[in-house]
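Data first, discussion second: the structure below is written as structure tokens.
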Amino acid sequence: MPYDVTKCPGKNCPVKQKCSRFTNEILGRQDFFGEAPYNFTTNSCEHFINNCPDENKIRLKAYEIWQQMGYQEGKSVEYWLQAEKALIDLGTYT
């Protein structure tokens, strides 16, 4: 996560595990919100940055993996999870 993106402490935030502001590693000196900016009145956070890859990107990556592995049948879940992890590791979320 770049230094210019303010991190979130995540306290009491229901979406913190899906937000890059909470889950990405801290790089040296990093700025943080004083408290989680989640708004419980609207059930949203205007500072939310999704850390989950787009489903279509996962599907395409899983298809690539399936091809690379020689078109093996019966491993769709394994390829899906592998694709999702690869995209997360690359930081390709949306």
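The values are calculated or read from the model by the stated rules, or taken from the named source; none is laboratory data. Because the structure is predicted, anything quoted here is derived from the model rather than measured. Note that we place each Cβ from the backbone using ideal geometry, even for glycine, and neighbour counts take in every protein chain shown.
Brief remarks follow.
- Checking each residue in region 46-93 for being among the hydroxyl-bearing types (Ser, Thr, Tyr) and either part of a helix (DSSP H, G or I) or in contact with a helix residue (DSSP H, G or I) (Cβ under 8 Å, 6 or more places away or on another chain) (or both) picks out Tyr63, Ser76, Tyr79, Thr92, Tyr93.
- Flag if Glu55 is of a type in the set (Asp, Glu), modelled with pLDDT of 90 or more and in contact with a strand residue (DSSP E or B) (Cβ under 9 Å, 6 or more places away or on another chain): no
- Long-range neighbours under 7 Å by Cβ, at least six apart or interchain, first residue farther than 17 Å from Asp31 by Cα within region 7-18, second among the hydroxyl-bearing types (Ser, Thr, Tyr) and surrounded by fewer than 18 Cβ atoms within 10 Å (Cβ to Cβ): Gln17/Thr23
- Every pair of residues 6+ apart whose Cβ atoms lie under 7 Å, when the first sits in region 22-47 and is under 16 Å from Pro9 (Cβ atoms) while the second is surrounded by 10 or more Cβ atoms within 10 Å (Cβ to Cβ) and small (Gly, Ala, Ser): Phe22/Gly10; Ala36/Gly10
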